[in-house]
1. Scan region 130-149 for residues that are closer than 28 Å to Pro92 by Cα and in contact (Cβ under 8 Å) with a residue 12 or more places away in the chain and report the count.
2. Could you say which residue among Ala23, Ala56, Ala41 is assigned to a helix (DSSP H, G or I), modelled with pLDDT of 95 or more, closer than 28 Å to Met119 by Cβ and over 18 Å from the mean Cα position of the chain (by Cα)?
3. In region 96-112, how many are among the small types (Gly, Ala, Ser) and within 6 Å of the ligand (Cβ to nearest atom)?
4. Report, ordered by the first and then the second residue, all pairs with beta carbons closer than 7 Å, sequence separation of six or more or different chains, a first member in region 150-178 that is assigned by TED's automatic domain parsing to the domain that holds Ser127 and part of a loop (DSSP other than H, G, I, E, B), and a second member that is basic (Lys, Arg) and near the ligand (Cβ under 10 Å from one of its atoms).
5. Scan region 1-38 for residues that are closer than 20 Å to His122 by Cβ and aliphatic (A, V, I, L, M) and report the count.
6. So, in region 116-167, of the ones that are among the small types (Gly, Ala, Ser) and over 20 Å from Gln80 (Cβ atoms), which residue ends up nearest to the chain's Cα centre (by Cα)?
7. Here is a check on your reading of the model: is Val7 hydrophobic (A, V, I, L, M, F, W, C) and surrounded by fewer than 18 Cβ atoms within 10 Å (Cβ to Cβ)?
8. What are the residues in region 113-134 that are outside any strand (DSSP E or B), near the ligand (Cβ under 7 Å from one of its atoms) and within 21 Å of Tyr161 (Cα to Cα), if any?
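The values are calculated or read from the model by the stated rules, or taken from the named source; none is laboratory data. Being a predicted model, the structure only gives us computed values, none of them experimental. With ideal geometry, Cβ positions are generated from the backbone for all residues, glycine too; neighbour counts draw on all protein chains shown.
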Amino acid sequence: MNDREPVRVSKFLSRHLRHQPGAIGLTLEPGGWVAVDTLLAGCRAAGVPLTRDGLAEVVRSNDKQRFAFDETGDRIRASQGHSVEVDLRLSPTDPPAVLFHGTPERFGPAILENGLRKMGRHHVHLSADVATATRVGARRGRPVVLVVDAAAMVAAGHPFYVSANGVWLTDRVPPQFLRLVESPTE
Ligand code: HQG
């Protein structure tokens with residue numbers, strides 16, 4: 001693998017483990033799992049030849065730890081970020097008192113008005129720190145960061161989940177639990 005190859009493979013895995021498993025003949029098992037052998041066969045057939053060791057290296061070195069093996073090492077899944085219907089079987093977990101959500105500046109007004117919605121994904125994605133939220137928001141333009149009053153949401157009965165790679169997930173964040181962090185990048 002050259003330097004760019006792990007990124008290319010990671011994008012390929014994200015596409016098929018989160019969004020279009022059927023396109024390379026995969027069916028996600030409960031929990032979002034796929035047998036490693038089935039995945040490698042699907043990759044090969046799609047022109048992305050990958051060995052078991054190559055896959056392990058992509059999983060190990062991935063910048064956001066997007067993928068995880070199960071305890072046997074025979075199955076793999078994306079830890080979060082799915083758009084396909086999947087039950088990740090995560091247990092509700094108490095979040096820190098505040099969480100953060102980074103978004104392009106242009107979405108700020110609509111979110112403050114309507115709250116955070118999961119849009120194309122399974123959950124609203126929240127970060128534990130401002131720096132991470134800023135990076136998420138900066139993917140598509142100048143970012144703003146919103147503070148989520150997670151403690152108040154828990155008190156109001158909203159469940160939270162945390163993925164294996166530390167992304168906090170919830171179904172929605174109504175506007176009364178949101179406020180803007182001023183100039184997060186300055
Ligand atoms: C926005 C990446 C208008 C929301 C990242 C976001 C993350 C609203 C966009 C992960 C809205 C959805 C997820 C409302 C939410 N009005 N806009 N009411 N409610 N939005 O990509 O959180 O590289 O589905 O702010 O690092 O940006 O894929 O969610 O901008 O962890 O591993 O609608 O994706 O990780 O966009 O990103 P997304 P996200 P990966």
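1. Going through region 130-149 one residue at a time, the tally reaches 13.
2. Just a single option satisfies the conditions, and that option is Ala23.
3. 1
4. As it stands, the answer is Asn165/Lys64; Asn165/Arg66; Asp171/Lys118; Arg172/Arg117; Arg172/Lys118, since those pairs meet every condition given.
5. So the answer is 6.
6. Among those residues, the one meeting the criterion is Gly141.
7. Criteria met by Val7.
8. Gly115, Arg117, Met119, Gly120, Arg121
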